[in-house]
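Novice: Supplied in structure tokens, the structure appears directly below.
The values are calculated or read from the model by the stated rules, or taken from the named source; none is laboratory data. Since the model is a prediction, treat every value here as computed from it, not as a measurement. Quick reminder, even Gly has a Cβ in these numbers, built from the backbone with ideal geometry, and neighbours come from all protein chains shown.
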Amino acid sequence: MRLMVDLAQHYGEGAVSLHAVATREQLPEAYLEQLVASLRKAGLVQGKRGAGGGYTLSRDPHDITAGEIVRALEGPIEPQICTAEGEAVTNCALQPGCATHHVWMTVQAQIAKALDGMTLKDLAAKSSPKTASRESARV
């Protein structure tokens with residue numbers, strides 16, 4: 001999520017290197033490389049190779065939700081295996097008639113609603129830009 005917020009804060013400024021994000025966010029660059037592969041596959045970021053290369057958001061930060069990012073990186077939102085979005089596992093021995101299924105379905109729906117209601121633009125506006133080595137981290 002921090003990678004995507006960083007890209008949102010630099011939206012419209014050109015490609016941002018993973019090295020720059022790693023420096024600002026104090027995250028391992030190798031970890032960011034793993035994340036960006038999933039984000040590219042989901043169509044949330046675009047990569048540019050060569051000099052001046054790096055990554056940009058594929059859409060305006062206003063049009064990308066936290067829910068899309070979580071699903072791209074973690075898969076369906078599922079507080080329990082029987083409550084996953086899409087293809088939930090339905091071979092639970094307690095179904096039908098599980099006393100807690102309604103609780104977990106409610107939790108799943110509320111988590112999804114909250115994440116889908118937050119855009120990258122919202123998150124970027126609420127976060128403080130990193131000040132330490134910000135300019136030197138643009139490389």
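Novice: Of the residues that sit in the range 21-46 and are without any contact (Cβ under 8 Å) to a residue 12 or more places away in the chain and small (Gly, Ala, Ser), which one is nearest to residue 70 (Cα to Cα)?
Specialist: Restricting to residues being without any contact (Cβ under 8 Å) to a residue 12 or more places away in the chain and small (Gly, Ala, Ser), the top hit is 37.
Novice: How about the range 8-20: which of its residues are without any contact (Cβ under 8 Å) to a residue 60 or more places away in the chain and either within 14 Å of the chain's Cα centre (by Cα) or over 17 Å from residue 60 (Cβ atoms) (or both)?
Specialist: Listed by number, the list holds a single entry, 18.
Novice: Name the single residue that is surrounded by the most Cβ atoms within 10 Å (Cβ to Cβ) among those in the range 1-28 being in contact with a Ser or Thr (Cβ under 7 Å, 6 or more places away or on another chain) and either of a type in the set (Asp, Glu) or part of a helix (DSSP H, G or I) (or both).
Specialist: 7
Novice: When the range 29-58 is examined, which residues are found to be modelled with pLDDT of 95 or more, assigned to a loop (DSSP other than H, G, I, E, B) and either over 23 Å from residue 116 (Cβ atoms) or of a type in the set (Gly, Ala, Ser) (or both)?
Specialist: 42, 43, 58
Novice: Moving to a separate point now. Has the range 75-83 got any residue that is without any contact (Cβ under 8 Å) to a residue 24 or more places away in the chain, over 18 Å from residue 4 (Cβ atoms) and surrounded by 17 or more Cβ atoms within 10 Å (Cβ to Cβ)?
Specialist: yes
Novice: Return the residues of the range 29-60 that are small (Gly, Ala, Ser) and surrounded by fewer than 18 Cβ atoms within 10 Å (Cβ to Cβ); say none if nothing qualifies. Steps first, please.
Specialist: So in the range 29-60, the residues small (Gly, Ala, Ser) come out as 30, 37-38, 42-43, 47, 50-54, 58.
Once the filter is applied, which keeps residues that are small (Gly, Ala, Ser) and surrounded by fewer than 18 Cβ atoms within 10 Å (Cβ to Cβ), the range 29-60 yields 30, 37, 38, 42, 43, 47, 50, 51, 52, 53, 58.
Novice: Sticking with this one: Being over 13 Å from the mean Cα position of the chain (by Cα) and either of a type in the set (Val, Ile, Thr) or not in a helix (DSSP H, G or I) (or both) is the filter here, so list the residues in the range 59-75 that pass it.
Specialist: 59, 60
Novice: Then there is this: Just give me the residues in the range 101-130 being in contact with a helix residue (DSSP H, G or I) (Cβ under 9 Å, 6 or more places away or on another chain), modelled with pLDDT under 75 and surrounded by fewer than 13 Cβ atoms within 10 Å (Cβ to Cβ), in sequence order.
Specialist: Residue satisfying the conditions is 129 alone.
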